[in-house]
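Novice: Have a look at this one before I ask anything.
The values are calculated or read from the model by the stated rules, or taken from the named source; none is laboratory data. On a predicted model such as this, the values are computed, not experimentally measured, just so you know. Every residue, glycine among them, receives a Cβ derived from its backbone with ideal geometry; neighbour counts consider all protein chains shown.
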Amino acid sequence: MDGEPGTPGPGTRTGVQIAPVVLKTLVTVVVGTVAYIVTNLIDQSQDELWKLAMSIVIGGSALIVQYMVDFEKRLGAVEAGQRTQTRELHDHYTRLSDAAGLLQELDEVGMSTDDVKRLVKGATQVGLHGTDLVKDFARAEIKSLASVVTDLTGRTAHWQRDNNEWLIGLTKIARHTIDATSSSVDRPFWDTDPAGPYLDAQIEAMRRRQVTIRRLFMIRASEERDEQFMERFRDLCQEQRDLDINVRFMVLPEQRRRTGPATRDVVIFDHALCLEYTTDNQGGNVRTRLDAITDSVGDEVSRFDTLWAAAREPSPSPAPPAPRPH
């Protein structure tokens, strides 16, 4: 059994190791001696010098043959190594050529190659030094990004939940206009922390790039009859107007029975791309859809303009009563 005293383990070499040069010399001596003996047996009339010369020639030939065989083996190994190296270099060159071609295509269509390089380098560093959990997270993020970009080749993309990152990101790059409908499903959004970065992005768009923003609030008839609701709503509208956002509202008729999505909010950027939020009747399960198809966006622009023309401007919030003089 392996591992017992006196028993060689797997792969263990036993016996005396002979150097290749010594082995070749021994073979040559043996061949020369045999040749000398055979020469004596074949023709005993020849002198000893001829027999010795003959044995030396045969022994030398044996030595040359050994070196030729060894040389052929080495040459074959070198050729095989060169073929392997050539194949590896070809594969490596092909990969580099493909990567360079992709970067060139990105540059030709006006996309940033620096960000792509930074992504690849960052992913490589995470793969080298990150923990398994960090690697899994980075892999999931890259997969998600790749899915979104791939979907955009068809000029649409979907997200199975509310995606404020898309909303803020598109607001930061808008150049001319932002038109948005805001229904009861997202009005509570203005009282949450995520509203801060969104409003900051809108303020920056208006001040730095002179982007015009129109927001159309949708309220229900029952909400319009609620004085407390309308007081809060007027305050919200005034806050938006104080930021130089154009605000109007529409009163939606009550529906006894609803089918399909209860609400549908759309944000249109530069009349070229729209972000759509849909939700169920319970006000949950928000889904986000990005649409850049020209005909679809054109329909949304026409719909918004029609609603905006029919909407009303909110009345200003009543001023607080002046204190009575004492």
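Novice: Would you pick out the residues in segment 158-179 that are at pLDDT 85 or above and either aliphatic (A, V, I, L, M) or in a helix (DSSP H, G or I) (or both)?
Specialist: To start, the set of residues in segment 158-179 that are at pLDDT 85 or above comprises 165-179.
Correct list: Glu165, Trp166, Leu167, Ile168, Gly169, Leu170, Thr171, Lys172, Ile173, Ala174, Ile178.
Novice: For Val126, are the conditions met, namely being at pLDDT 80 or above, assigned to a helix (DSSP H, G or I), of a type in the set (Val, Ile, Thr) and surrounded by 11 or more Cβ atoms within 10 Å (Cβ to Cβ)? I'd like the intermediate steps shown before the answer.
Specialist: Numbers: at pLDDT 80 or above: yes; assigned to a helix (DSSP H, G or I): yes; of a type in the set (Val, Ile, Thr): yes; surrounded by 11 or more Cβ atoms within 10 Å (Cβ to Cβ): yes.
Spelling it out, Val126 is indeed at pLDDT 80 or above, assigned to a helix (DSSP H, G or I), of a type in the set (Val, Ile, Thr) and surrounded by 11 or more Cβ atoms within 10 Å (Cβ to Cβ).
Novice: Would you mention how many residues in segment 166-203 are among the acidic types (Asp, Glu) and touching a residue at least 40 places away in the same chain (Cβ under 8 Å)? Break it down into steps so the answer makes sense when it comes.
Specialist: Looking only at segment 166-203, we keep the residues that are among the acidic types (Asp, Glu), and these are 179, 186, 191, 193, 200.
Now narrow it down to the ones that are touching a residue at least 40 places away in the same chain (Cβ under 8 Å): 179, 186.
Matching residues across segment 166-203 total 2.
Novice: Run down Met206, Met230 and say which single residue is closer than 30 Å to Arg175 by Cα and either without any contact (Cβ under 8 Å) to a residue 40 or more places away in the chain or over 34 Å from the mean Cα position of the chain (by Cα) (or both).
Specialist: On the way: Met230 fails: closer than 30 Å to Arg175 by Cα.
Going through Met206, Met230 in turn, just one is closer than 30 Å to Arg175 by Cα and either without any contact (Cβ under 8 Å) to a residue 40 or more places away in the chain or over 34 Å from the mean Cα position of the chain (by Cα) (or both): Met206.
Novice: Just a yes or no: is a residue in segment 158-173 among the basic types (Lys, Arg) and surrounded by 11 or more Cβ atoms within 10 Å (Cβ to Cβ)?
Specialist: Applying the first criterion (among the basic types (Lys, Arg)) to segment 158-173 yields 161, 172.
From the residues that got through so far, the ones that are surrounded by 11 or more Cβ atoms within 10 Å (Cβ to Cβ) too are 172.
Scanning segment 158-173 turns up at least one residue that is among the basic types (Lys, Arg) and surrounded by 11 or more Cβ atoms within 10 Å (Cβ to Cβ).
Yes/no matrix, rows are residues, columns are (1) modelled with pLDDT of 90 or more; (2) touching a helix residue (DSSP H, G or I) at 6+ places or on another chain (Cβ under 9 Å); (3) not assigned by TED's automatic domain parsing to the domain that holds Gln202:
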residue	(1), (2), (3)
Gln228	no, no, no
Ala272	yes, yes, no
Thr278	no, no, no
Gln282	no, no, no
Ala319	no, no, yes
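Novice: Right, another one. Please specify each residue of segment 214-228 satisfying the condition of being assigned to a strand (DSSP E or B) and either over 22 Å from Arg241 (Cβ atoms) or not hydrophobic (A, V, I, L, M, F, W, C) (or both). First the steps, then the outcome.
Specialist: At the first step, the residues of segment 214-228 found to be assigned to a strand (DSSP E or B) are 214-220.
Listed by number, the residues that qualify are Arg214, Arg215, Arg220.
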